[in-house]
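Structure first, then comments.
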Amino acid sequence: MAEILNKIDSPSDLKKLTYPELEQLAQEIRGEIVRKVSANGGHLASSLGAVEVTLALHRVFNSPTDKIVWDVGHQSYPHKLLTGRRDRFGTLRQYRGLSGFPSPAESPHDAFGAGHAGTSVSAALGIALARDLEGKSHHVIAVIGDGSMGAGMAFEAINHAGHLGTRITIVLNDNGMSISPSTGAFARLLNQARFDPRYESAKRKMKKTVVNLPFGQSAWALTKEVKSRVEKAVIPGAFWEEMGFTYLGPVDGHNIKELEAALNRARDFESGPTLIHVLTKKGKGHAAAEANATKFHGVSPGNAKPNGHPSYSQVFGQSVLRLMRQNQKIVAITAAMSDGTGLAAAAAEFPERVFDVGICEQHAVTLAAGLASQGFIPVVAIYSTFLQRAYDQIIHDVLMQGLHVVFAIDRAGIVGDDGKTHQGPFDVSYLRALPGISVSAPKDENELQHLVCTAVNAPGPFAIRFPRGYGLGVPLDAELHDLPIGKAELLREGADAAILALGFAVAPALDAAERLARRGVQCSVVNARFAKPVDS
C-alpha cells in the first residue's frame, strides 16, 4: 500500500515530509513504477535511478513556476507521479493515456516536450533567456543524463550558456549509461569521479578533523586554494569551470540530504550557470534492472508475447555479421543503439570494425562518409526518428559525393507505444526527395537479409527501412543474394484492381486481396520493394 504516495497531489506536498518519510516515499515510487511499467511497458531502469533526484528537485524548487526541463524523458516517471498524475499513471503509454515522455499538453509541470536526447540544455537556456528578457526571476533547471551529455547538441548549448553567463542550473544525472554503457572520452572523464569516491570521502573526513581543532575553521579556510588545485587534478570540475560554470559535486544521487544541499547552493547563486554532478545507479531498487540496466532500460508490456519469430533488428544484425565475415571492408556504425539495432553480436566478434559513437547521429553519418571515401563500406544503423537529426549530413557529406554508405533505418513507420516523438513515418518522404540514393523496404524478414546483401554490393548511397518488432515467420534462405535495384515484384494477379504496397504493408495488402476475392473482386498485389527508384 503506497501510504505516502497516495497523499502526494502536487510537489508542494513533498515539503512537509520528514527524511524518513521521503525514504519510504522513494521506495513506494519505485514499487509503483515497476508495477505499471511491467504491465504497460516503458523505460524502467532510468526512472528507478532518478527517484531521489526528482524528490530533491521538487523540494528545493517550486514547479511549475520554476521550470524543470527533462532531457529525453526516460527519467521522468517519478516526476509524473509527483505532479498530479498519480491516478492516471496506469494509462502510461496507452491510447489517450499519459505519454511516456514529458508533454506540456499533459501538465504545466512539463516545461518542455522531449523524446530525443541532448535537447534539455538548449531548451533550458532559451527558457532562461526568455525569463531575463521579461524581467522575471524564476529558476530554470535542465536534468540531463543517460548518455545525453555526450550529444553534440548538448555541448553546443553548454558552450553558449558559458559564454552568456546566463543563470541556469544543469543537473548531470551520471549513471555511466545511455541505453548501453556510455562511450567516448567525455564518459571516461566523468568516470574519474564515478569510480574513485575516495577523494570525496577523504575530504569530508579531513574537514571534520580540522575544524574541531583550535583555530580549525581558519586553518580550513587557508587550505581552500590547495584544495581547489587538488580538485582540479582529480575530478572533472576544471572542465566545467573553464566552460564558465560553477561546478558542484560529485554528489550521491541517492542521498536526499546531500542532493538538497547542492540544489540549495545552486538555487542561491545570484548569477551564472551552475552544474551539479550527481552519481546514481541505473535501475536502483530493482535487482534485475541494477544487474542488467541495458536489458531493463525499456521493457515490453507484461502481456506482450513474442511470436517466436526473430525481430527485424535481429535479422538485420545477423545479416551484417555474415557479410562482415566475408568482407573485411564492411564496417558498422551505431549511435548508442548497438543492442537495439541488432549489432551487438557483430560488435562482440569484430570490436575494431563496429563503432558506437554515442548519441551523435550527425557525427555517425559523416564518420561513415569519411570511411566510405577511403574504400570501406559503412553500414549506419539508426532508428528512423533519430536519423532525422542527420539530414544535412546525409545530403552534404554522403549524397553530394555519391559515397557508398548503407543506411539501415530501424523502427521505420508506426512504432505504437513509444508515441509521437519516436514515430518513423517520414523517412520515405525525406529520402525520396534527395538525388542519388536508393530507398528500399522488405516485405518480410527473408527479403530484409537479401536487401542488406544488395545494399552492401550496390554502388552509391543505399537505404533500407524496416519496422519495429518481430518478423512474419517466413523461413530464412541459407544463402544471401542480390535483388535487382528498382524492380518490384508481382505477388498476385487480378483484373479488377491493383494494390501497390511497400515494406511491412505487403502482408496486409495480400490479406486484403484475399478478402476482396471472396467478394468477387480480383486484385493484383505488387511488392514495390523500392520507394526510389520506382519500377516504371
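The values are calculated or read from the model by the stated rules, or taken from the named source; none is laboratory data. Everything numeric in this text was worked out from a predicted model, so none of it was measured. In this analysis, Cβ positions are derived from the backbone assuming ideal geometry, glycine residues included, and neighbour counts consider all displayed protein chains.
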**Request:** Among the residues of region 100-127, write down those that are in a loop (DSSP other than H, G, I, E, B), farther than 24 Å from ILE4 by Cα and among the polar types (S, T, N, Q).
**Result:** SER103, THR119
**Message:** Condition first: more than 29 Å from VAL452 (Cα to Cα) and among the acidic types (Asp, Glu). Now tell me which residues in region 506-536 satisfy that.
**Reply:** GLU514
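Scan region 102-111 and give yes if some residue there is within 17 Å of ILE170 (Cα to Cα) and buried (at least 24 other Cβ atoms within 10 Å of the Cβ), otherwise no.
Among the residues of region 102-111, at least one is within 17 Å of ILE170 (Cα to Cα) and buried (at least 24 other Cβ atoms within 10 Å of the Cβ), which makes the answer yes.
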**Item:** Residue list for region 61-89, restricted to those being in contact with a Gly (Cβ under 8 Å, 6 or more places away or on another chain) and surrounded by fewer than 23 Cβ atoms within 10 Å (Cβ to Cβ)
**Value:** ARG88
**Request:** Tally the residues that are touching a helix residue (DSSP H, G or I) at 6+ places or on another chain (Cβ under 8 Å) and under 19 Å from VAL428 (Cα atoms), restricting the search to region 446-456.
**Result:** 2
**Request:** Working only within region 484-505, note down all residues that are surrounded by fewer than 19 Cβ atoms within 10 Å (Cβ to Cβ) and in contact with a helix residue (DSSP H, G or I) (Cβ under 6 Å, 6 or more places away or on another chain).
**Result:** ARG492
**Neighbours by Cβ (under 6 Å, 6+ apart or cross-chain): first from region 153-178, closer than 15 Å to SER46 by Cα and at pLDDT 90 or above; second hydroxyl-bearing (Ser, Thr, Tyr) and crowded, with 24+ Cβ neighbours inside 10 Å** = ASN173/THR280
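Residues are listed down the side, and each one gets a yes or a no for (1) aromatic (Phe, Trp, Tyr); (2) at positive phi; (3) touching a residue at least 40 places away in the same chain (Cβ under 8 Å):
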position	(1), (2), (3)
PHE462	yes, no, yes
PHE466	yes, no, yes
LEU472	no, no, yes
ILE485	no, no, yes
GLU493	no, no, no
ALA509	no, no, no
VAL525	no, no, no
ALA531	no, no, yes
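Please determine whether any residue of region 321-328 is within 21 Å of PHE466 (Cα to Cα), at pLDDT 95 or above, basic (Lys, Arg) and surrounded by fewer than 24 Cβ atoms within 10 Å (Cβ to Cβ).
yes
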**Message:** Given (1) of a type in the set (A, V, I, L, M); (2) touching a helix residue (DSSP H, G or I) at 6+ places or on another chain (Cβ under 9 Å); (3) not in a strand (DSSP E or B), identify the lone condition not met by ILE409.
**Reply:** (3)
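To keep it simple, each residue is scored yes or no on (1) part of a helix (DSSP H, G or I); (2) small (Gly, Ala, Ser); (3) in the same structural domain as GLU106 (by TED's automatic domain parsing); (4) at positive phi.
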site: ASP9; (1), (2), (3), (4): no, no, yes, no
site: LEU14; (1), (2), (3), (4): yes, no, yes, no
site: GLU23; (1), (2), (3), (4): yes, no, yes, no
site: VAL34; (1), (2), (3), (4): yes, no, yes, no
site: SER46; (1), (2), (3), (4): yes, yes, yes, no
site: ALA56; (1), (2), (3), (4): yes, yes, yes, no
site: VAL69; (1), (2), (3), (4): no, no, yes, no
**Asked** Does region 418-426 contain at least one residue that is assigned to a strand (DSSP E or B) and either under 19 Å from LEU321 (Cα atoms) or of a type in the set (S, T, N, Q) (or both)?
**Response** no
**Request:** Report yes if SER99 is modelled with pLDDT of 85 or more, within 24 Å of LYS282 (Cα to Cα) and out of contact with any strand residue (DSSP E or B) (no Cβ under 7 Å at 6 or more places or on another chain), otherwise no.
**Result:** yes
**Request:** Return the pairs, sorted by first residue and then second, in which the second residue is modelled with pLDDT of 85 or more and buried (at least 17 other Cβ atoms within 10 Å of the Cβ), the first residue lies in region 233-248 and is on the phi > 0 side of the Ramachandran plot, the beta carbons are less than 9 Å apart, and the residues are 6+ apart or on different chains.
**Result:** GLY244/ILE158; GLY244/ALA161; GLY244/GLY162; GLY244/PRO273
